[in-house]
């Protein structure tokens with residue numbers, strides 16, 4: 001692909017920038033190193049991941065994996081197990097009429113009592129207010 005002349009001409013001037021390029025290298029290195037530590041990819045990797053819809057990272061490349069990997073799918077559903085005669089029966093979805101509590105579920109705690117009338121110092125001294 002050939003770039004139109006007005007676009008590639010400024011690119012040739014970048015190395016001639018002098019001091020401002022040296023001043024930009026330090027902060028760019030700090031941003032890149034910090035992003036690798038915090039999110040496991042560089043800012044360029046984030047842009048590549050957004051553009052491709054895959055997991056792109058130099059960390060993958062360093063681990064001798066492909067630079068862009070497919071995103072993992074959702075995990076399989078956890079099995080629902082109920083007690084049976086001498087063993088456990090497990091399903092991916094509970095069958096109709098199965099008990100609501102599985103084998104590994106702890107017993108349900110009793111529900112807390114409903115809040116009663118609030119007592120205040122006025123109520124304690126003068127009695128309940130009649131309406």
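Nothing in this text is a laboratory measurement; each read-out follows from the coordinates by a stated rule. This structure is a prediction, so every number in the text was calculated from the model and none was measured.
Compared with the alpha-carbon gap, the fully stretched path from residue 28 to residue 109 is longer by 23.7 nm at 0.36 nm per residue.
For region 23-97, the relative contact order is 15 percent, taking Cα pairs closer than 8 Å that sit 6 or more residues apart in sequence and dividing their mean separation by the residue count.
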